[in-house]
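The values are calculated or read from the model by the stated rules, or taken from the named source; none is laboratory data. If you're wondering where the values come from, they're calculated on a predicted model, not measured in any experiment. Here the Cβ positions follow ideal geometry from the backbone for every residue, glycine too, while neighbour counts run over all protein chains shown.
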Amino acid sequence: MMRTSRGALARHARGFSLLELMLVLAIIGVLLAVVALNIGGFGTRGKIRATEASLATIQTASGAYHLEYSSYPPTLQTLVTVQPPLLAGTTSLQDGWGKSFYYKAGQNAQGNPYTLLSYGGAEDYTPEQAIDVWTMNQD
């Protein structure tokens, strides 16, 4: 039978020091902050991408309406109610933030045949914040 002294046992069964625990907690905190910032950005980017996809679909449907009726639709709802419908129920007339798109038939100041845009998530709208169907893919 071999006896071990308390000192030898204490040296082998040693725990983490307070400094080591604090360092691990600091690293975990930094990682959680980075993850939180990245997740928050994905929500906004996802809403922007969904809005751009809806705008592109509405633009295509408006072009088809123009080919059929030689004018652009007076309202976006017309694209849903015309027979046969040019927009299916899968295409929402709202942007990624749940707000209705702004649509105005007729040539706008930039020479486009109509105005179609989303104000995005902004409560106080400025033209620079808008997602415009005519400029959304320009770099």
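Key figures
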| quantity | calculated |
| --- | --- |
| Answer from LEU32, LEU25, LEU19, LEU9 - the residue that is over 30 Å from ASP95 (Cα atoms) and at pLDDT 80 or above | LEU25 |
| Unmet criterion (only one of (1) under 20 Å from MET136 (Cα atoms); (2) modelled with pLDDT of 90 or more) for ALA50 | (2) |
| The stretch 97-139 - residue that is in a loop (DSSP other than H, G, I, E, B), aliphatic (A, V, I, L, M) and within 15 Å of THR57 (Cβ to Cβ) and, of those, modelled with the lowest pLDDT | MET136 |
| Test for LEU67: is it closer than 14 Å to THR135 by Cβ, of a type in the set (A, V, I, L, M, F, W, C) and either assigned to a helix (DSSP H, G or I) or at pLDDT 90 or above (or both) | no |
| Residue pairs meeting the criteria (Cβ under 8 Å; at least 6 apart or on separate chains; first of a type in the set (Asp, Glu), in the stretch 36-59; second modelled with pLDDT of 85 or more) | GLU52/ILE131; GLU52/MET136 |
| Counted residues, the stretch 69-115 - those being surrounded by fewer than 17 Cβ atoms within 10 Å (Cβ to Cβ) and not β-branched (Val, Ile, Thr) | 27 |
